[in-house]
1. Along each of its three principal axes, how wide is the spread of alpha-carbon positions in the chain, in whole angstrom units, largest first?
2. For n ≥ 4 DSSP H runs only, could you compute -39500 (n - 2.57) per run for the chain, divide by its residues and tell me the 222 nm figure to the nearest 500?
3. Straight distance only, please: which lysines reach the Cα of Lys56 with their own Cα at less than 23 Å, same-chain residues fewer than 8 apart left out?
4. Go through the stretch 117-127 residue by residue and turn each phi into a ³J(HN,Hα) via Karplus (6.51, -1.76, 1.60, θ = phi - 60°); whole Hz please, and just put x for glycine and proline.
5. How large is ³J(HN,Hα) for each residue in the stretch 39-56, as worked out from phi by the Karplus curve 6.51 cos²θ - 1.76 cosθ + 1.60 (θ = phi - 60°), to whole Hz, x for Gly and Pro?
6. Quickly rank 83-95, 28-40 as a protection proxy: mean count of other C-beta atoms within 10 Å, highest first.
7. Where in the stretch 17-59 does the label zone of Ser108 land, with the point 7 angstrom along Cα→C-beta and an amide N cut-off under 14 Å?
8. Anyone know which of Leu41, Leu104, Leu64 comes out most mobile in the 10 Å Cα GNM of the chain?
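The values are calculated or read from the model by the stated rules, or taken from the named source; none is laboratory data. Not measured: the values here are computed from a predicted model. Note: ideal-geometry Cβ built from the backbone for every residue, glycine included; neighbour counts use all protein chains shown. To get the accessible areas, we keep the full protein, side chains included, count just its heavy atoms, and leave off ligands, DNA and RNA. Shrake-Rupley method; radii C 1.70, N 1.55, O 1.52, S 1.80 Å.
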Amino acid sequence: MSIPSRSPVHYGYASASDMTWSRSEKAVARQAFDAALKRELHELMQETKEIAGRIKQPSDLWDLQEYLTQKRKEIDHKYNYRYSHLTQVFGRLLYETRVSEEELRGFSEGKLRTIRSLAKFLAEDAA
């Protein structure tokens with residue numbers, strides 16, 4: 001009995017692991033990824049300054065440390081720059097409004113369709 005080959009198309013979209021990235025798409029991806037990460041880290045710095053300004057006792061230091069540890073884990077998990085994960089990363093970032101579709105201009109229509117679809121799914125799931 002032969003095993004059927006895995007199709008690169010699932011539910012009308014190419015799977016992330018089957019997508020190839022052109023040189024120009026890689027450049028757009030890197031720029032959008034770095035910009036989103038920079039914005040999120042800037043936001044975290046502002047939040048951290050506000051929290052630090054409210055520190056009144058030594059135990060507050062450890063609360064801040066715990067908060068930052070948790071945020072680092074979340075950010076490290078979210079910002080995964082492996083090409084096999086980028087459509088999911090950008091789908092989430094688009095849903096969170098951390099990137100705009102304008103920043104993703106230059107991606108193939110298939111990649112944009114996959115990214116939009118994931119952002120829409122996340123929005124519907126959150127509702």
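1. 67, 38, 29 Å, listed from the longest principal axis down.
2. Calculated at 222 nm, the ellipticity per residue is -21500 deg cm²/dmol.
3. Of all the lysines, those that pass the test against Lys56 - Cα under 23 Å, at least 8 places apart if same chain - are Lys71.
4. Per-residue couplings from phi come out as 4, 5, 4, 5, 4, 4, 5, 5, 5, 6, 6 Hz.
5. 5, 5, 5, 4, 4, 5, 4, 5, 4, 5, 4, 5, 5, 4, x, 9, 5, 10
6. Listed from highest to lowest mean packing, they are 83-95, 28-40.
7. From the stretch 17-59, the list is 17-26.
8. Residue with maximal mean-square fluctuation among Leu41, Leu104, Leu64: Leu64.
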